Amino acid sequence: MKTLRFIGMALLAVVLCVNFAACSDDDEDAALPSSLAGTEWTGTDPYGYVVNVTVGASTCEIDVNKPDGSDYYTVTSSYTYDPSTGSITAEYDGDLVKAQLKGNTITVHYDDYVFTLKKR
């Protein structure tokens with residue numbers, strides 16, 4: 001009986017090892033979209049200002065609200081998007097803004113701070 005139990009536990013261990021090894025990684029990145037046109041993004045910068053971005057075919061509208069919800073400014077900017085890397089660049093107030101798309105999040109690098117925008 002002990003031998004049968006030992007063989008049964010050994011088979012169970014083998015089955016569990018094979019089962020866990022066959023599972024795929026759930027953190028696989030989704031394919032990047034070929035275009036950002038028609039998408040909307042929102043987030044908060046490090047100073048608490050709410051940033052909303054509406055993306056068109058070759059320009060994007062950046063609407064920024066103060067932390068109290070009042071309008072701060074709205075600007076339209078041209079942008080470039082590389083669908084092979086998810087790299088985004090835009091010109092804002094004479095400065096180059098760099099961003100990186102990953103899934104439903106854009107990480108924005110502007111001046112010395114970084115913040116994220118989430119897809120609406």
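The values are calculated or read from the model by the stated rules, or taken from the named source; none is laboratory data. Since this is a predicted model, take the numbers as computed values, not measurements. Reconstructed Cβ throughout: ideal geometry from the backbone, glycine too, with neighbour counts over all protein chains shown. All accessible areas refer to the heavy atoms of the entire protein, side chains included, with ligands and DNA or RNA removed. Shrake-Rupley method; radii C 1.70, N 1.55, O 1.52, S 1.80 Å.
Can you tell me which condition Thr89 does not meet? The list is (1) open to solvent by 50 Å² or more (accessible area, probe 1.4 Å); (2) assigned to a strand (DSSP E or B); (3) not hydrophobic (A, V, I, L, M, F, W, C), and all the others hold.
Going through the list (1) open to solvent by 50 Å² or more (accessible area, probe 1.4 Å); (2) assigned to a strand (DSSP E or B); (3) not hydrophobic (A, V, I, L, M, F, W, C), Thr89 breaks only (1).
Within segment 75-84, take every residue that is in contact (Cβ under 8 Å) with a residue 40 or more places away in the chain and either among the polar types (S, T, N, Q) or not in a strand (DSSP E or B) (or both) and give me the one that is surrounded by the fewest Cβ atoms within 10 Å (Cβ to Cβ).
Here the residue is Ser84.
Within segment 92-104, which residues are assigned to a strand (DSSP E or B) and either in contact with a Lys or Arg (Cβ under 6 Å, 6 or more places away or on another chain) or exposed (fewer than 11 other Cβ atoms within 10 Å of the Cβ) (or both)?
To start, the set of residues in segment 92-104 that are assigned to a strand (DSSP E or B) comprises 92, 95-102.
Within segment 92-104, Asp95, Leu96 qualify.
Can you work out which of the residues in segment 105-118 that are open to solvent by 100 Å² or more (accessible area, probe 1.4 Å) and in contact (Cβ under 8 Å) with a residue 12 or more places away in the chain is farthest from Val50 (Cα to Cα)? Working first, answer last.
Of segment 105-118, the ones open to solvent by 100 Å² or more (accessible area, probe 1.4 Å) are 111-112, 118.
Retained after the next criterion (residues that are in contact (Cβ under 8 Å) with a residue 12 or more places away in the chain): 111, 118.
Values: Asp111: 17, Lys118: 12 Å.
Here the residue is Asp111.
Is it the case that segment 75-86 has a residue that's at positive phi and at pLDDT 95 or above?
Among the residues of segment 75-86, at least one is at positive phi and at pLDDT 95 or above, which makes the answer yes.
Filter segment 11-39 down to the residues that are closer than 20 Å to Gln100 by Cβ and open to solvent by 80 Å² or more (accessible area, probe 1.4 Å), then identify the one that is modelled with the highest pLDDT.
Top of the filtered list is Ser34.
Within segment 65-74, how many residues turn out to be modelled with pLDDT of 95 or more and open to solvent by less than 70 Å² (accessible area, probe 1.4 Å)?
Number of matching residues: 2.
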